[in-house]
Amino acid sequence: MEHRQSFWENLVVVAIALVLIQTFLDDFAVVAGWAWAPREVLLYVGLALDVFFSVEFLTRLYFSFIRRRTGIYFWHERGWIDLLASLPLVLLSSGPAALAVWSGSTIALGRASLLNVLKVVKAIRIARVLRLLRLLKVFARIRNTDSTMAQRHVAKVATLSVTVLIATVMLLGIVFSVFDVPSLETAYQSRITTLLSTVEADLDRGAPIDAGELAARESSLLAVQREGRTVFSRFDSDYYARQVGPNDYGFAERGDVRLFFDLRPVNRDQSRSNLIYFAIIVVTIGSLLFAYSPHFALTVTDPLHVMTRGITEANYSLEVKVPRLYRDDEVFELARAYNEHYLPLKDRRSAASADGFDLSMDDVQGLLDD
Amino acid sequence: MAKEHDRARTFVSRLLANPALGPLTPLQREEQIIQFLHVNAAALAPTLSTPGFFPGASWSQSLSLLLSALVEEVDVTLMPRLEEILARMQFGFVALLRPQSSGGERVRDQIREYLRGVLRRMDARRVMTGPLAAVSYGFVDRYCDQMWARKGYSHFELTKVQRLRLGREEIKAMIEATLLLKPIVCSGSSATAGLAEHASGVVQAQYAERVVAAAREALSLAPEELIRSAANASVSFQENRYIEATARMAAILSWRCRSYQPNMRADRGADSPDKSWLSVARRNYRFYGFDVKMIDELYSIAAENGW
């Protein structure tokens, strides 16, 4: 039973390591302009991991429920992070993206207007930030100190910082979207809307559509079709097959004219932001793990551990090391009292009563039984 | 009776083999077991009076059997250890202290015989616990080398105040000899009463004088300075400010090593074992009768060297 549990725990750790690599590469691939094939693989890996973590969350939730400790799991054992980093991603990010690829077109997005398409794309890409919450799951599994108190405190600080950062990013993203705060996307939308108005006006006037002129005006215009026939294409078919995935473009229709737009600059911009958030979170967690955690141990848990041993073990009489810099901390004030009053008293008592030994009845139980 | 004695020896030999006692010296192990037997008397007595051990024996009878078996078992390792220590010790200082003396070898033999005799007493064995550990683990070398490098208070006390016209190695040997002869305080009929005066094992200066007088016969070849140093190693420096520096040094090291555990590692956040012990000793110097300036210097040495 323990072996099986250990296997699943190790599998989760491996999955977390994979998800970190996948999250980084997923955005890096967009920024670096990787071909579609490797990005497609990353997309499926991302979906598989999101599904895996959704199943993991549901399983943990189920077992916590049957053990009547759902509240403890959800609030105290950070089940809410498990939730945020699993199901919403399947529903908002990797799921729709994979569905679009499976359907072989931009059906999932393409039925809406281009403006709506952009909003959906934006929401999906912001949701990807939630993946970074998985870093906290890694954090929970790193044990660089023996103290559960140190682990809990540092984990709490990490959870708070990362959650606040992600929530702020998402909230501001939504607010900016609702209030149309100028950005690369709004500028992009504005240019495309102007272009579509031109097409609409030309169609109303019965004037011919000059695709070449439109493409010269709008660099993101990939292709123009009229009555199902391609009248302009910026790249050849081979390029589209190799470089452009279903999530990389959107289209809009005006009459019998269908225009395809390149969404990669918008995606690239969002991925760049995601990479920045990723780096901030990795550095934050790294500094908490490797700088704050040892500091917490040095100034809180280690002195407490030494004092606990000194009080509970007859043979243990090591003093607490009091760093000059922190000597006025309450913990070290207590430690000084322990060093200067308790230990000398214990030593005198030990000399008088000759107590303090390494043998216990447990050590001789075998002898007595024989 | 012989059967019960064998059972007692088997029992204590298995106790001595307990891994928890592994790194300790024979006398430290003995002391641990004696304390263990006393503290757990209520739990052990019913089992030890069963037919498998000492049928029908009272607790005091069982304890007596166990203690005599314990001493026998411990002596199996203690005596060779003492032989080894005495064999490697240099008694050259004897000739330097008393040019007309009969030589170091004969003093060594006399000390050996004296220790064999005095260590039959349980109180002497208890006093010997710290000195044996101090000599076994090289504490004298460790601290004296540093004291010579610093040429501070302790060095001054040894060479100028005590006026030992000896080299470093000879003084180290004399401190080791002082340590080994510390059980001298248990010789004489009223020795136990003298020891019982104080929980820290400190005896009155007048009592130490009587001990010196009594020991002169048994240790006739040993220099007076050594006997006096060994006796005064149990006298409080607060009572007698003229105690030999070798005696003060031996008093500190024997107490330090009484509970010394060679494999003890300082936890993260804890000070090193010697530094911790000496820091506590600085605060308890009156209780133990230590020379606080000597303790201060040893503390600095321990702190500088991470001991």
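The values are calculated or read from the model by the stated rules, or taken from the named source; none is laboratory data. Because the structure is predicted, anything quoted here is derived from the model rather than measured. With ideal geometry, Cβ positions are generated from the backbone for all residues, glycine too; neighbour counts draw on all protein chains shown.
Could we say that A:Leu222 is assigned to a strand (DSSP E or B) and touching an Asp or Glu at 6+ places or on another chain (Cβ under 8 Å) here?
Working: assigned to a strand (DSSP E or B): yes; touching an Asp or Glu at 6+ places or on another chain (Cβ under 8 Å): yes.
Against the criterion (assigned to a strand (DSSP E or B) and touching an Asp or Glu at 6+ places or on another chain (Cβ under 8 Å)), A:Leu222 qualifies.
Which number in (1) part of a loop (DSSP other than H, G, I, E, B); (2) within 14 Å of another protein chain (Cβ to nearest Cβ); (3) within 20 Å of the chain's Cα centre (by Cα) marks the one condition that B:Ile243 misses?
Tallying (1) part of a loop (DSSP other than H, G, I, E, B); (2) within 14 Å of another protein chain (Cβ to nearest Cβ); (3) within 20 Å of the chain's Cα centre (by Cα), B:Ile243 fails exactly one: (2).
What's the total number of residues in region B:32-59 that are more than 15 Å from B:Ser13 (Cα to Cα) and more than 27 Å from the chain's Cα centre (by Cα)? It would help to see each step written out before you state the result.
First, the residues of region B:32-59 that are more than 15 Å from B:Ser13 (Cα to Cα): B:35, B:38-52, B:54-59.
The next check asks that each one be more than 27 Å from the chain's Cα centre (by Cα); those that pass are B:42-52, B:54-59.
Going through region B:32-59 one residue at a time, the tally reaches 17.
Tell me yes or no: at least one residue of region A:286-293 is within 14 Å of chain B (Cβ to nearest Cβ), more than 16 Å from B:Ser276 (Cα to Cα) and under 29 Å from the mean Cα position of the chain (by Cα). Even if it seems obvious, please write down each step before you answer.
Just the residues of region A:286-293 that are within 14 Å of chain B (Cβ to nearest Cβ), to begin with: A:293.
Within this subset, residues satisfying the condition of being more than 16 Å from B:Ser276 (Cα to Cα) are A:293.
When the remaining residues are screened for being under 29 Å from the mean Cα position of the chain (by Cα), the result is A:293.
The answer is yes; a qualifying residue exists.
Give the residues of region A:250-266 that are surrounded by fewer than 21 Cβ atoms within 10 Å (Cβ to Cβ), touching a residue at least 12 places away in the same chain (Cβ under 8 Å) and not β-branched (Val, Ile, Thr), sorted by residue number. Walk me through how you get there before you give the answer.
Within region A:250-266, the first condition is being surrounded by fewer than 21 Cβ atoms within 10 Å (Cβ to Cβ), and the residues that meet it are A:251-258, A:262, A:264-265.
Right, trim to touching a residue at least 12 places away in the same chain (Cβ under 8 Å) and you get A:251-252, A:254-258, A:262, A:264-265.
Hits for region A:250-266 are A:Phe251, A:Ala252, A:Arg254, A:Gly255, A:Asp256, A:Arg258, A:Asp262, A:Arg264, A:Pro265.
I'm trying to understand the selection: among the residues of region B:135-161, which are in contact (Cβ under 8 Å) with a residue 24 or more places away in the chain and among the hydroxyl-bearing types (Ser, Thr, Tyr)?
B:Ser136, B:Tyr137, B:Tyr143, B:Tyr153, B:Ser154
Is there any pair with a first residue in region A:327-347 that is within 15 Å of A:Val300 (Cα to Cα) and a second that is aliphatic (A, V, I, L, M) and in a loop (DSSP other than H, G, I, E, B) whose Cβ atoms are under 7 Å apart and which are 6 or more apart or on different chains, and what are they?
A:Phe332/A:Val322; A:Ala335/A:Val322; A:Arg336/A:Val322
Outside the structural domain of A:Val30 (by TED's automatic domain parsing), farther than 29 Å from A:Ala223 by Cα and without any contact (Cβ under 8 Å) to a residue 24 or more places away in the chain: is that true of A:Tyr292 in this structure? Quick ask: steps written out before the conclusion?
Values: outside the structural domain of A:Val30 (by TED's automatic domain parsing): yes; farther than 29 Å from A:Ala223 by Cα: yes; without any contact (Cβ under 8 Å) to a residue 24 or more places away in the chain: no.
Answer is no for this residue.
Having 3 or more residues that are within 22 Å of B:Ser254 (Cα to Cα) is the bar; report the helices (runs of 4 or more DSSP H) wholly within region B:9-109 that clear it. I'd like the intermediate steps shown before the answer.
Numbers: elements: B:26-39, B:41-48, B:59-88, B:92-97.
Qualifying helices (runs of 4 or more DSSP H): B:26-39, B:59-88.
Among residues belonging to region B:261-307 that are away from chain A (no Cβ under 11 Å) and in a loop (DSSP other than H, G, I, E, B), point out the one that is surrounded by the fewest Cβ atoms within 10 Å (Cβ to Cβ).
Here the answer is B:Asn263.
Which residues, taken from region A:227-249, are part of a strand (DSSP E or B), out of contact with any Gly (no Cβ under 7 Å at 6 or more places or on another chain) and under 25 Å from A:Ala100 (Cβ atoms)?
Of the residues in region A:227-249, the ones part of a strand (DSSP E or B) are A:229-233, A:249.
In the following step, the residues that additionally are out of contact with any Gly (no Cβ under 7 Å at 6 or more places or on another chain) were identified as A:229-231, A:233, A:249.
Scanning region A:227-249 gives A:Arg229, A:Thr230, A:Ser233, A:Tyr249.
Does any residue in region A:155-179 that is under 20 Å from A:Ala291 (Cβ atoms) come within less than 7 Å, Cβ to Cβ, of a residue that is not in a helix (DSSP H, G or I) six or more places away or on a different chain, and which pairs are these?
Here the result reads A:Thr159/A:Arg78, each pair linking region A:155-179 to a residue that is not in a helix (DSSP H, G or I).
Looking at B:Ile295, B:Ile243, which one is within 24 Å of B:Glu157 (Cβ to Cβ), modelled with pLDDT of 95 or more and assigned by TED's automatic domain parsing to the domain that holds B:Met122? Walk me through it before giving the result.
Values: B:Ile243 fails: modelled with pLDDT of 95 or more.
The match here is B:Ile295.
Identify, from the list B:Lys160, B:Lys182, the residue that is buried (at least 24 other Cβ atoms within 10 Å of the Cβ), of a type in the set (D, E, K, R) and closer than 18 Å to B:Asp291 by Cα.
Just a single option satisfies the conditions, and that option is B:Lys182.
Considering only region A:221-240, I want to know if a residue exists there that is over 26 Å from the mean Cα position of the chain (by Cα), small (Gly, Ala, Ser), farther than 30 Å from A:Ile281 by Cβ and at pLDDT below 90. Before you say what the answer is, go through the steps one by one.
Quick first cut of region A:221-240, residues over 26 Å from the mean Cα position of the chain (by Cα) only: A:221-240.
Still in the running and small (Gly, Ala, Ser): A:223, A:228, A:233, A:237.
Those left that are additionally farther than 30 Å from A:Ile281 by Cβ: A:223, A:228, A:233, A:237.
Next, from what is left, pick out any that are at pLDDT below 90: A:228.
The answer is yes, given that some residue of region A:221-240 is over 26 Å from the mean Cα position of the chain (by Cα), small (Gly, Ala, Ser), farther than 30 Å from A:Ile281 by Cβ and at pLDDT below 90.
Residues of region A:315-370 being at pLDDT 85 or above, part of a loop (DSSP other than H, G, I, E, B) and either buried (at least 17 other Cβ atoms within 10 Å of the Cβ) or facing chain B (nearest Cβ under 7 Å) (or both), which ones?
First, the residues of region A:315-370 that are at pLDDT 85 or above: A:316-349.
Subset that is part of a loop (DSSP other than H, G, I, E, B): A:316-319, A:321-323, A:327-329.
If the condition is that a residue be at pLDDT 85 or above, part of a loop (DSSP other than H, G, I, E, B) and either buried (at least 17 other Cβ atoms within 10 Å of the Cβ) or facing chain B (nearest Cβ under 7 Å) (or both), then A:Tyr316, A:Ser317, A:Leu318, A:Glu319, A:Lys321, A:Val322 are the ones that fit.
Please state which of the following conditions B:Trp255 fails to meet, knowing it meets all the rest: (1) in contact with a Pro (Cβ under 8 Å, 6 or more places away or on another chain); (2) within 16 Å of B:Arg142 (Cβ to Cβ); (3) not basic (Lys, Arg).
The one condition B:Trp255 does not meet is (1).
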